[in-house]
Amino acid sequence: MHIYPKEEKHIQGFAAEVAWVESGGNSKLQERLAVRPTSETIINDSYAKWIRSHQDLPLRLNQWCNVVRWEFKHPIPFLRSREFLWQEGHTAFATKEEAVKETYKILDFYEKVFTELAAVPVLKGMKSKTETFAGAEFSLSLEAFLPNGKAVQGCTSHHLGQNFAKAFNITFQDEKQQSQHVWQNSWGITTRLLGILIMIHSDDKGLVLPPKLALRQVVIVPILFDDSRARVLKEAQKVQSMLEKKGISVYLDLRDGYSPGWKFNEWEMKGVPVRIELGPKDLEKKEVMVVRRDTGEKQSLPLSALDREIALILEQMQQDLYAKAEKFLKQSIAKTEVIKDAEKVISSGKIVLVPWCGLEKCEEKWKEKTGAKSLNSPLEQPAMKKDQSCFACKEKARSWSYVGKSY
């Protein structure tokens, strides 16, 4: 990543996070290189060459890549690592209206990924000026809350306005043959989602995976004895085929050298949503034993209706995981208008929803006191009194905001 004086504001915003390379082996480089913390510089250099006409717009690029951040001392796997994989989008539009509309649309899309696939409830809102992406006009985010009492930013969607377009001279000829700068967005979600999912759903036995995200939704463990081995295997294969025809991902564990109990434990640690146990006694009853990973609930189900029953169990487990996490999130938020009450709530490991002035100097004061920071300001704002003052100072409150300790 090369450093452009023309995008000084963006670079300053990432100054603490940039890792510099000054030598290769034993040779000192003539020009030090920055390992990119994000891709705006590379993308916009290309956009300036590719975009010429309004017919080239909108232009949308999506990529998966690794980036490096270097500003912290104690990396945490998935949640805060020096190098991480992410999906990032970079878009350019002819009008501001189109760009702003997409900023919210992408956040809605990410919200569905969290809630409908990962079964993770989120706080949806706008970041403060301090937390806004360097060079953006505004930033939107989804924030998750973990059982250890810390929030974590799940993803972001930024409206960049024309800041980068002007810095990189990204222009197009409009329908009237007038030269205009494009309007841009960028947005991304990272492997941090996996860390959030693990911490919210898992237990002391290991992973608990939501069925919609599990690579293997069901594992079949046959209980094998010499005199019934062939019959049990034949039925286990039938069960596998029946479920797969229903669109369910199934793994039939036929590994030799491992006891059924050892396999049960391994699949519990790996978080497979449903385990099916099938032995000779089950065959006699024309039933199987079914175990849910999240609750540990066991039940005997008839072979004849197994495909329908397993589909229902998977759907119910997906809903239950979300409901449990949503209940925890709601119980972890307290609404207050007074700094002393906010301090008590934060020290108890929860989040506060407070009326805030949004000023950086105000945040610095209570951040030093509590160790907490602004997470985001909900897009759907609760009603506020006309003369509402900030919870931490005497300035007029601009919006309700979530405040808490965060990674």
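General observations
- Local electrostatic count, Lys361, Cβ distance below 11 Å [Lys/Arg +1, Asp/Glu -1]: -2
- For region 95-225, average projected area of the Cα convex hull in nm²: 12.0
- The chain: relative contact order in percent, alpha carbon pairs under 8 Å with at least 6 residues between: 14
- Placing a label point 7 Å from the Cα of Tyr407 along the Cα-to-Cβ line, the residues of region 73-107 whose backbone N sits under 15 Å from it are 73-86.
- Calculated FRET efficiency, Arg229 to Asp203, Cβ-Cβ distance, R0 = 25 Å: about 0.15 to the nearest 0.05.
- Estimated [θ] at 222 nm from DSSP helical runs (n ≥ 4, -39500 (n - 2.57)) normalised by residues in the chain, nearest 500: -9500 deg cm²/dmol
- Cα-Cα pairs of region 5-201 separated by more than 27 Å (percent): 34
- For the chain, a simple Cβ point-charge model (Lys and Arg +1, Asp and Glu -1, everything else neutral) yields a dipole of about 640 debye relative to the Cα centre.
- For the cross-link pairs Lys340/Lys369; Lys127/Lys396; Lys127/Lys327, the ones whose C-alpha atoms lie over 20 Å apart are Lys127/Lys327.
- Cα long-axis angle, helix 96-112 against the chain (0 to 90 degrees, to the nearest 10): 30
- Each Lys and Arg adds +1 at its Cβ and each Asp and Glu adds -1 at its Cβ; summed about the Cα centre, region 5-201 shows a dipole of about 340 debye.
- Which of Thr171, Val152, Ser53, positive extreme of dipole for region 44-196 (C-beta unit charges): Val152
- DSSP bridge analysis restricted to region 218-314 gives an antiparallel fraction near 55%, rounded to the nearest 5.
- At R0 = 56 Å, FRET efficiency that the Cβ-Cβ distance of Asn26 and Lys335 yields, to 0.05: 0.40
- Over all pairs of different C-alpha atoms, the chain has a mean inverse distance whose reciprocal, the Kirkwood radius, equals 24.6 Å.
Every number here is computed from the coordinates shown, using simple stated rules; none is lab data. Source: prediction; values computed, not measured. In this analysis, Cβ positions are derived from the backbone assuming ideal geometry, glycine residues included, and neighbour counts consider all displayed protein chains.
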